[in-house]
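Working notes, beginning with the structure itself.
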Amino acid sequence: MANVSFDAEAQFVTFPDLAPSPVWVPPAVYTDGFCAIPGSQWVAVPSGDATVDPGYTGDAYAGTASLKIAGLRASAGVSCNCQSSFYVSDGQFLTFAIKAGTAAAVNNLAITFGGYDGAGAPAMSTGVVLPTISDTWRILRIPLQPARTPVRINQILIESTSSEAAAPVLLDSIEFSQP
């Protein structure tokens with residue numbers, strides 16, 4: 001093989017396109033239980049008089065279980081927390097199924113998103129007041145950018161804005177989605 005040369009010019013004539021990297025959409029927060037995928041593990045932490053049952057089997061929108069929250073009132077809520085935060089992208093929203101756990105309608109519920117601003121400091125979104133929740137399942141979609149969510153999210157806080165105790169609520173199929 002003496003005096004053999006290789007010409008590699010043709011190998012570098014065409015380079016692959018450098019398309020933008022895809023937007024990472026986190027796995028579902030809750031579907032029959034909280035997500036347990038490493039890096040996207042969610043847990044519910046009640047505060048005040050609130051209680052949470054993450055495996056309630058009395059009623060479910062999809063699958064066999066739903067997230068039951070009871071004892072909601074001012075200064076009593078449930079914080080769904082993820083061990084890591086993720087960046088909010090343009091047009092992203094939170095989708096979930098919700099219903100009252102009894103025949104009584106539930107008013108004055110709000111959702112707030114927690115995480116970090118662009119400098120890495122803790123930040124909270126504007127509270128998003130939910131419509132009246134009846135005893136039939138309905139799907140709600142909350143656009144994240146109009147709620148002024150932090151740049152990175154790792155918390156969903158559900159609370160009542162009333163001092164009176166709200167009827168229990170059931171949530172299911174909680175996920176962050178792209179348009």
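Among the numbered criteria (1) farther than 17 Å from L67 by Cα; (2) acidic (D, E); (3) in a strand (DSSP E or B), which single criterion is violated by D90?
Only one criterion is unmet by D90, namely (3).
Go through the stretch 36-61 and give me each residue that's within 16 Å of A165 (Cβ to Cβ) and assigned to a strand (DSSP E or B). Spell out the reasoning first.
Quick first cut of the stretch 36-61, residues within 16 Å of A165 (Cβ to Cβ) only: 46-52.
Those that are within 16 Å of A165 (Cβ to Cβ) and assigned to a strand (DSSP E or B): P46, T51, V52.
How many of the residues making up the stretch 129-143 are of a type outside the set (V, I, T) and in contact (Cβ under 8 Å) with a residue 40 or more places away in the chain? Walk me through it before giving the result.
In the first step, residues of the stretch 129-143 are kept if they are of a type outside the set (V, I, T); the result is 130-131, 134-135, 137-138, 140-141, 143.
If we keep only those that are in contact (Cβ under 8 Å) with a residue 40 or more places away in the chain as well, we get 137-138, 140-141, 143.
Total satisfying the criteria: 5.
Find the residue count for the stretch 141-171, including only residues that are farther than 19 Å from A104 by Cβ and touching a strand residue (DSSP E or B) at 6+ places or on another chain (Cβ under 8 Å).
At the first step, the residues of the stretch 141-171 found to be farther than 19 Å from A104 by Cβ are 141-157.
Keeping just the survivors that are touching a strand residue (DSSP E or B) at 6+ places or on another chain (Cβ under 8 Å) gives 141-144, 147, 149-157.
Residues meeting the conditions: 14.
If you go through the stretch 109-135 one residue at a time, how many are in contact with a Ser or Thr (Cβ under 8 Å, 6 or more places away or on another chain) and surrounded by fewer than 18 Cβ atoms within 10 Å (Cβ to Cβ)? Working first, answer last.
Here is the first cut: in the stretch 109-135, the residues in contact with a Ser or Thr (Cβ under 8 Å, 6 or more places away or on another chain) are 109-110, 112-116, 124-129, 135.
Now restrict to residues that are surrounded by fewer than 18 Cβ atoms within 10 Å (Cβ to Cβ): 110, 116, 124, 126-127, 129, 135.
Matching residues across the stretch 109-135 total 7.
Could you list, in sequence order, the residues of the stretch 30-40 that are of a type in the set (G, A, S) and either buried (at least 17 other Cβ atoms within 10 Å of the Cβ) or more than 19 Å from A97 (Cα to Cα) (or both)? Reasoning before the result, please.
Start the filter on the stretch 30-40 by keeping residues that are of a type in the set (G, A, S), which leaves 33, 36, 39-40.
Correct list: A36, G39, S40.
Looking for whichever is modelled with pLDDT of 95 or more, assigned to a loop (DSSP other than H, G, I, E, B) and farther than 18 Å from T31 by Cα here; the options are P131, P150. Which one fits? Can you show your working first?
Details: P150 fails: modelled with pLDDT of 95 or more.
On inspection, the qualifying residue turns out to be P131.
Output the residue which, of all residues in the stretch 41-95 that are aromatic (F, W, Y) and either over 23 Å from R148 (Cα atoms) or at pLDDT 95 or above (or both), is surrounded by the fewest Cβ atoms within 10 Å (Cβ to Cβ). Break it down stepwise before answering.
Taking the stretch 41-95 as the starting set, the residues that turn out to be aromatic (F, W, Y) are 42, 56, 61, 86-87, 93.
Checking which are either over 23 Å from R148 (Cα atoms) or at pLDDT 95 or above (or both) leaves us with 56, 61.
Details: Y56: 20, Y61: 17.
Per the criteria, the residue is Y61.
Any chance you could count how many residues in the stretch 104-123 are farther than 22 Å from A74 by Cα, assigned to a loop (DSSP other than H, G, I, E, B) and not charged (D, E, K, R)?
Residues that pass the stated criteria total 4.
Residue check, T126 against (1) closer than 18 Å to S79 by Cβ; (2) free of Cβ contacts under 8 Å to residues at least 12 places away in the same chain, all met but one. Which one?
Evaluating T126 over (1) closer than 18 Å to S79 by Cβ; (2) free of Cβ contacts under 8 Å to residues at least 12 places away in the same chain leaves (2) as the failure.
The values are calculated or read from the model by the stated rules, or taken from the named source; none is laboratory data. Owing to the predicted nature of the structure, the values given are computational and were not obtained by experimental measurement. Backbone-built Cβ (ideal geometry, glycine too); neighbour counts: all protein chains shown.
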